[in-house]
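One structure is given here, and the rest of the page talks about it.
The values are calculated or read from the model by the stated rules, or taken from the named source; none is laboratory data. If you're wondering where the values come from, they're calculated on a predicted model, not measured in any experiment. Cβ placement follows ideal geometry from the backbone for every residue including glycine, while neighbour counts extend to all protein chains displayed. Surface areas here come from the heavy atoms of the whole protein model, side chains and all, with no ligands, DNA or RNA. Shrake-Rupley method; radii C 1.70, N 1.55, O 1.52, S 1.80 Å.
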Amino acid sequence: MTLGSSGDSPNKKEENPTSPSEISSRFKQIICPSCFEEMAKEELIGNKCPLCGYRLSPEEMDDEILGSGDEELTWMLTQNLQRTLLSWLMDLGAAPLAAYRIASRVCEQENIPVKSGRTTAFSFTARMTPEEKAAEKQCKVCGRTFTTGGRKIVSGDLFEPEPSVEYFCDDCIPQR
């Protein structure tokens, strides 16, 4: 056996094999209404199913289903959105569990909301930064100025650019 004839040649560049999931994600999939077999549009022979010979009408050709690549992409985008929301909410001062509940409520829906609504509104008690703890704050309810104690409430809507931050003194802390 010569060095060049074997597959273990150190000088031979390995080709990147394409996985089946990558191949199937490149093609839009359809289902034959006759035999219910899933196939790529490119597999049709003259608009006929290669398995049963059923001729698909143009309307049936438009009824595409999502390929596995589309589902994987949707899952990755949803996970990225959830991570981004978690990070943003925790930067605002949310406790990890509160941030997770808000992000999950938005991301676990069948479709990500496209307009403002009940699922995109949020409100939570946030921790104060050391600078906020030392600074004078004005109570939202009674208007009294205080420096120690109190509570910071962050609320808003995910479709708004900035949430509102309100401070409450110990006497006026809203009950949940």
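Annotations
- Label-to-label distance for Glu108 and Gln82 is 0.9 nm, based on points extended 7 Å past Cα in the beta-carbon direction.
- Of all accessible heavy-atom area on the stretch 112-176, the percent that carbon and sulfur account for (1.4 Å): 50
- Seen from Pro50, the other residues with C-beta closer than 10 Å to its C-beta sum to a net charge of -1, counting Lys and Arg as +1 and Asp and Glu as -1.
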